[in-house]
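Let me begin by presenting the structure, written as structure tokens, before commenting on it.
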Amino acid sequence: MADIAPPAYRTFPIIPELKPGAMEGKGPFVAPDKINEALGFPGHLEDDWHDKAIAKMGDLLSRYRSLKVYMDACVHCGACSDKCHYFIGTQDPKNMPVARQDLMRSVYRRYFTLPGKLFPKLVGARDLTREVLDEWFNYYHQCSECRRCSVFCPYGIDTAEVTMAAREILDSVGYGQKYANEIIGKVHKIGNNLGLPGPALIDTLEGLEEDVKEATGVDVRFPMDVKGAEVLLITPSADFFAEPHIDSLIGYAKVFHATGTSWTLSSMSSEAGNFGLFIGNYDQLRTIAMRIRQAALELGVKRIVVGECGHAWRVAYSFWNTLTGVGDGADPNDRFAQMLQKQLDHRYKQPSHICEFTWDMIQDERLVFDKSKNDKYVITYHDSCNVARGSNMGGYPGGQFDIPRNIIRAVANNFVEMDSSTSYERTFCCGGGGGLLTDDLMDVRVKGALPRMEKLQQVKDEEGVNFMACICAICKAQFTKVLPIYGFDRKVVGGVHQLVSNAIQLGVK
Amino acid sequence: MSTLLAIFIYLSTLVFVVGLLQRIRDYAGTPAPLKIPTTPAPTTGGGVVLRMVREVVFFESLFKGNLWTWVSGWLFHFSMLLVVFRHLRYFTEPVWGWVDFIQPFGIYAGITMVAGLLGLLARRIFVERIRYISTPSDFLMLVLLIGIASSGLLMKFVGHPDVIMVKNYFLGLMHLSIRELPSNFVLYAHLSMVFTLLLIFPMSKLLHAPGLFFSPSRNQADNPREKRHIAPWAAKLESEK
């Protein structure tokens, strides 16, 4: 990675000038036949791709109101045009949200609207040629589906919805992305994105128990497949072995231990992440989420708690109830959902975020902390895009911003905010979300991190910040790789429960 | 000429009404399978109504997005609204009290409407990013609206057509009888442009007006954990098992 140079910080936040074509041909690897076929997609592009793609587009337009309205409603006002981190970092005009949408909208107009059929040039309509399809593949894989553009759009047009539709069309004609589709294949086959089989997981967890015993002298358990446990923890598989993710897993275990909560992991359902979201495919999204339902039913748990993972929390919070019935308020005649909802304990939100769980316990004074253990850090908090703009915590608007910050303040003394134009719902994506966390997209990942790095640099210079907490596995992995390229130590990034783990006092209550 | 214009007015109004209704029915009938409200998302139906009111009346999101576009866009839209209200006097007899009251304001609104439109046009021409995303139809739409507003102002301040005749013409049209319209070139231009706008409304980006109300990221309540939300086509996946 040493040969990748980061773009220069902007001295003042001017909107960059356009560099057309800057990111042409910088897309990801194309999935080989085997990987596509494992998901039921055609292996590769075949002669009839054009008609199949247009038919698929018509199908999506009839099933998703979002896509239909978003294709029609854009007036090209440009409010979104300077809001995308990939545009800011690359200056490629096709990375402006509106221009990214127009890659598809131009085709929509040509095939699905009267003016586009009659006067294509006038309304910017285009035939779906092979060049256009290649352009889709390239630029719809330079979008992290972070939804920042949607915050500023007067009609709420969400480029993520368009990107997902484009990727679904590409998959349907055998033109999938290697990284995302390969990972989805692993979930189906093994149960998690990293392809860690059950025995390896158990091995890792036993190792962790020894490590924690050594460090604290306390027997903190990391239970697996325990029937009748109260809590089922669903966490991103990166938590089992990647740095700094694993430190947060230790944090969750300590919280469960300190509060005397019986909990378990599942070897069959060992992944919170759901890349079905990234490729926009409802069937994949649902099939992957069904593992959690199955584990909950088999283990007979009362609560489902989700670990630190941004897109996983969006899927869990916003979609699990729809996809699998993990939630509340199903129709009495809805046998599918009722089967599970009758089992769950509805004194708690289902599912809960681990931060909601920990914050509840802090409020109930069930946890004791020695804040000074985090005194070596001046901490800031990075709002991860999917948590910030696609989900909620605590059941009131804005809870997803307060609760992680409340926890940090409860376990540490030094906390500062980053520039408000880049936090809360205006936060910038880390640059690696949406299925882009792969080495073949390193160029766009580094450039896309620019706006976040600028503001991190600012709090480092002004306040001495040396730790950026977040609650997303992708953010952690992306920053670990990108921070050194921008001249930071890679250990500047870490989880909220890593801080909890540092400060928590075991065996006190 | 009066008759020719009348035919065009009937035709374009028909396209406008039928096309728009069909489009709205289409939006309403297409399911939104997943909960995708964008933050800051209200958790209740009442909250959604408030949010929608703020979007429609104040263009809240655009205000966050870009101040210049917001100033120009808001000025244009609400000036146009006043101008449209002012024009109700051509369709009502006797003229409603409040329509009478706003007559002078409607004239100023005509001027601020042009100002807003010129602001939007300037942005399209001079801001590199906006120029890049603009299609010929984006410019034509602005030119059409500027044409409508300025021809209207021209009739107010320069060459007044016989407004009694104009009113009679429209009252007649409302009762399916075609009367004589003053043969004034600016008037014909004005009316042709207005009804061209209506004609293209249901098949152009002007659909942003109904579109906003159907935008799932804005019109959904953020309560997915509390209430199961499922589209009919998605529910079928469950019964197949």
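What do you get for trypsin sites (Lys or Arg not before Pro) in the range A:264-349 restricted to DSSP loop and a cutoff of at most 14 other Cβ within 10 Å of the site's Cβ? Don't jump to the answer; show the numbers that get you there.
On the way: sites: A:ARG286, A:ARG291, A:ARG293, A:LYS302, A:ARG303, A:ARG314, A:ARG335, A:LYS342, A:ARG347, A:LYS349; in loops: A:LYS302, A:LYS342, A:ARG347, A:LYS349.
For trypsin sites (Lys or Arg not before Pro) across the range A:264-349 that sit outside H, G, I, E and B with at most 14 neighbouring Cβ atoms in 10 Å, the list reads A:LYS342, A:ARG347.
Placing unit charges on the Cβ atoms of the charged side chains and taking the dipole of the protein assembly as shown about its Cα centre, the candidate lying farthest along the positive direction among A:SER421, A:ILE279, B:ILE107 is B:ILE107. Site-free segments of chain B were taken between chymotrypsin sites (Phe, Trp or Tyr not before Pro) in DSSP loops having at most 14 other Cβ atoms within 10 Å, sites themselves excluded; the longest one is B:97-241. For a straight C-alpha distance cut-off of 15 angstrom, the aspartates and glutamates reachable from A:LYS121 (same-chain residues fewer than eight places away being disregarded) are A:ASP102, B:ASP138. Over the range B:130-241, the reciprocal of the mean inverse Cα-Cα separation, the Kirkwood hydrodynamic radius, stands at 18.7 Å. Measuring how big the range A:33-176 is from its alpha-carbon positions, Rg and Dmax come out at 14.8, 43 Å.
Could I get the Rg over Rh figure for the range A:369-503? Both from C-alpha atoms, Rh via Kirkwood, rounded to two places. Let's see the in-between values first.
Details: Rg = 14.2 Å, Rh = 15.0 Å.
Rg/Rh: 0.95.
Remark: the protein assembly as shown is approximated by an ellipsoid whose semi-axes, taken from the C-alpha gyration tensor as √(5λ), come to 51, 27, 26 Å, largest first.
Estimate for me the total accessible surface buried between chains B and A (protein heavy atoms, probe 1.4 Å, no ligands or nucleic acids), in Å² to the nearest 100.
Approximately 5900 Å², summed over both chains.
Over chain B, what is the relative contact order in whole percent, taking alpha-carbon pairs under 8 Å and six or more residues apart? Could you put the intermediate results ahead of the total?
Working: 224 pairs, mean separation 88.3, N = 241.
After rounding, I find 37 percent.
Among the trypsin sites (Lys or Arg not before Pro) found in the range A:214-271, those both in a DSSP coil and sparsely packed, with 14 or fewer other Cβ atoms within 10 Å of their Cβ, are A:LYS227. With 27 Å as the limit on Cα-Cα distance, the pairs of A:LYS186/A:LYS349; A:LYS227/A:LYS342; A:LYS227/B:LYS236; A:LYS26/A:LYS481; B:LYS64/B:LYS205 that go past it are A:LYS186/A:LYS349; A:LYS227/B:LYS236. Here, the range B:63-202 yields an orientationally averaged convex hull projection of 9.9 nm² when only Cα atoms define the hull.
By the compact-protein rule of thumb, 2.2 N^0.38 Å, the alpha-carbon radius of gyration of the range A:191-360 corresponds to a ratio of 1.00. With all protein chains kept in place, the per residue accessible area of the range B:1-152 amounts to 50 square angstrom at a probe of 1.4 angstrom.
Within the range A:374-411, the residues that become at least 40 Å² less accessible when every protein chain is included than when their own chain is isolated (1.4 Å probe; DNA, RNA and ligands ignored) are A:PRO397.
Could you work out the local net charge near A:ALA330, counting Lys and Arg as +1, Asp and Glu as -1, over the other residues with Cβ closer than 13 Å to its Cβ? Could the numbers behind the result be given before it?
Details: positive: A:ARG293, A:ARG335, A:LYS342, B:ARG225, B:LYS227, B:ARG228; negative: A:ASP328, A:ASP331, A:ASP334, B:GLU226, B:GLU238.
Residues close to A:ALA330 contribute a combined charge of +1.
Pop out the carbon and sulfur fraction of the accessible area of the protein assembly as shown as a percent, whole number, probe 1.4 Å.
Numbers: 17540 of 28900 Å².
Roughly 61 percent, rounded to a whole number.
Taken per residue, the accessible surface of chain A reaches 33 Å², heavy atoms only and a 1.4 Å probe. By the compact-protein rule of thumb, 2.2 N^0.38 Å, the alpha-carbon radius of gyration of the range A:58-124 corresponds to a ratio of 1.20.
Taking max minus min of the alpha-carbon positions on each principal axis, the range A:335-422 gives extents of 52, 34, 17 Å, largest first. Shown here: chain B, whose C-alpha atoms stretch 70, 42, 38 Å along the first, second and third principal axes, sorted largest to smallest. Using Cβ point charges alone (K and R +1, D and E -1), the dipole size of chain A about the Cα centre works out to roughly 960 debye. Highest GNM mean-square fluctuation, chain B, Cα pairs closer than 10 Å: which of B:LYS64, B:LYS156, B:LYS35? Its mean-square fluctuation being the largest, the pick is B:LYS64. Using a 10 Å Cβ count of at most 14 others and DSSP loop calls, identify the longest part of chain B lacking such GluC sites (Glu not before Pro). Result for the longest clean stretch: B:1-179. Note on the range B:94-148: Kirkwood hydrodynamic radius from all Cα pairs is 13.0 Å, rounded to one decimal.
For the range A:191-360, the Cβ-based charge dipole about the Cα centre amounts to some 720 debye (Lys, Arg positive; Asp, Glu negative; other atoms uncharged). For the range A:1-79 versus the range B:134-187, the inter-centroid distance based on Cα atoms is 44 Å.
Starting from the range A:8-116, pick out the GluC sites (Glu not before Pro) whose DSSP state is loop and whose Cβ has at most 11 other Cβ atoms within 10 Å. Don't skip to the end; give the middle numbers.
Details: sites: A:GLU17, A:GLU24, A:GLU37, A:GLU46; in loops: A:GLU17, A:GLU24, A:GLU46.
Here the GluC sites (Glu not before Pro) that fit, given the DSSP loop and packing criteria, are A:GLU17, A:GLU46.
The values are calculated or read from the model by the stated rules, or taken from the named source; none is laboratory data. The structure presented is a predicted model; accordingly, all values stated were derived computationally and were not measured. Quick reminder, even Gly has a Cβ in these numbers, built from the backbone with ideal geometry, and neighbours come from all protein chains shown. Just the protein is used for accessible areas: all its heavy atoms, side chains included, with ligands, DNA and RNA removed. Shrake-Rupley method; radii C 1.70, N 1.55, O 1.52, S 1.80 Å.
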